[in-house]
1. β-branched (Val, Ile, Thr) and under 24 Å from residue 288 (Cβ atoms): which single residue out of 102, 59 fits that description?
2. Considering (1) touching a Leu at 6+ places or on another chain (Cβ under 9 Å); (2) modelled with pLDDT of 95 or more; (3) open to solvent by less than 50 Å² (accessible area, probe 1.4 Å), say which one residue 255 fails and leave the rest.
3. Inspect segment 175-187 for any residue being at positive phi and open to solvent by less than 30 Å² (accessible area, probe 1.4 Å) and give the result as yes or no.
4. Of (1) part of a loop (DSSP other than H, G, I, E, B); (2) open to solvent by less than 30 Å² (accessible area, probe 1.4 Å); (3) of a type in the set (Val, Ile, Thr), residue 204 satisfies all except one. Which?
5. Which members of segment 215-265 meet the condition of being touching a helix residue (DSSP H, G or I) at 6+ places or on another chain (Cβ under 7 Å) and of a type in the set (Gly, Ala, Ser)?
6. If I ask for residues that are at pLDDT 85 or above and open to solvent by less than 30 Å² (accessible area, probe 1.4 Å), which ones from segment 110-142 would you list?
Amino acid sequence: MIEPVNTIEYNEPITLSVDSDCGGMRLDKLLSEALSGYSRSFVQSLFENGLVTCNGKAVQKSFKPKCGDTVEFTVPEPREISLEPENIPLDIFYEDDDLLVVNKPRGMVVHPAPGNYEGTLVNALLYHCKGKLSGINGVIRPGIVHRIDKDTSGLLLVAKNDSAHISLSSQISSHSLDREYRAVIHGRLKEQEGVVDAPIGRSTSDRKKMCVTAQNSKNAVTHYRVLEEYKEFSYIALKLETGRTHQIRVHMAYLGHPVAGDPIYGPKNGVASLNGQCLHACVLGFIHPSTGEHIRLEAPLPDYFTDFLRRIKKQ
């Protein structure tokens with residue numbers, strides 16, 4: 001396949017040669033593979049702005065180059081981030097010149113979106129990092145390498161520059177980045193440990209939901225292990241191989257054991273006293289993009305989680 005681009009010089013042409021394995025593939029797909037750390041929308045924008053050529057001629061994203069063709073493209077400098085920095089306290093577990101790891105509280109939105117333009121993790125990061133964040137994911141999501149849901153607490157990786165972002169994204173793509181979670185789920189699983197290997201895609205009946213489906217889906221793999229069992233709930237550990245939207249929540253609901261307090265995939269009566277789902281990203285392990293050192297961080301269970309465990313143990 002196409003060779004990955006590991007070093008980016010803004011506004012400097014980058015040349016790729018198309019070999020026999022890549023001939024006939026759509027050019028946007030080839031560039032997405034070459035720029036694995038960049039979002040799909042970013043790659044599309046290169047075509048929209050006429051920054052991609054094949055044999056010297058501007059081409060569209062659907063163009064299919066032949067073996068021996070020369071593709072050239074240019075990555076523009078990231079636009080200046082215009083979101084407002086906010087002095088919001090952050091629970092930082094690790095930080096250096098390349099990245100930081102934040103322990104996100106439950107209830108905090110990761111990046112601005114309609115209805116949530118203030119008080120997000122990105123607003124807090126802009127203040128803390130003084131705007132020095134990777135621009136790969138655009139103006140709205142500076143520095144964000146991966147996300148966790150608003151109602152999920154736990155560890156989140158943030159890149160301060162594009163090189164670190166590309167390295168960390170590549171680790172996610174190759175499944176070498178360790179992500180472990182803890183959850184309380186409804187009921188008891190049939191097996192004490194197992195693997196859910198079921199593709200996830202957008203629900204056709206409700207666009208806000210994801211589901212296990214064979215249509216327009218991506219492979220999704222979740223490993224689980226039971227830690228403790230109670231009368232109506234189980235406390236489990238989970239490890240992700242892939243990182244699909246709502247993956248743990250969808251896979252647990254697919255097994256018939258939704259996450260306690262999940263407002264979307266759980267039972268309608270849910271667990272009202274939780275005011276959200278009992279899901280925590282507790283472990284993050286990765287190779288440092290500059291030093292090559294393996295870093296493993298673990299965030300203890302937050303108070304809302306331990307309080308709920310204490311209550312169900314008494315049942």
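1. Values: 59 fails: under 24 Å from residue 288 (Cβ atoms).
Only one candidate qualifies: 102.
2. Among (1) touching a Leu at 6+ places or on another chain (Cβ under 9 Å); (2) modelled with pLDDT of 95 or more; (3) open to solvent by less than 50 Å² (accessible area, probe 1.4 Å), the lone unmet condition for residue 255 is (3).
3. Yes: one or more hits.
4. Tallying (1) part of a loop (DSSP other than H, G, I, E, B); (2) open to solvent by less than 30 Å² (accessible area, probe 1.4 Å); (3) of a type in the set (Val, Ile, Thr), residue 204 fails exactly one: (2).
5. 220, 243, 260, 261
6. Restricting attention to segment 110-142, the residues satisfying the condition of being at pLDDT 85 or above are 110, 119-130, 132-134.
Result: 110, 120, 121, 122, 123, 124, 125, 126, 129, 133, 134.
The values are calculated or read from the model by the stated rules, or taken from the named source; none is laboratory data. Bear in mind that the values here come from a model prediction, so they are computed numbers and not experimental data. Please note: Cβ atoms are built from the backbone with ideal geometry, for glycine as well, and neighbour counts cover all protein chains shown. The area values use the complete protein model at the heavy-atom level, side chains included, leaving out ligands, DNA and RNA. Shrake-Rupley method; radii C 1.70, N 1.55, O 1.52, S 1.80 Å.
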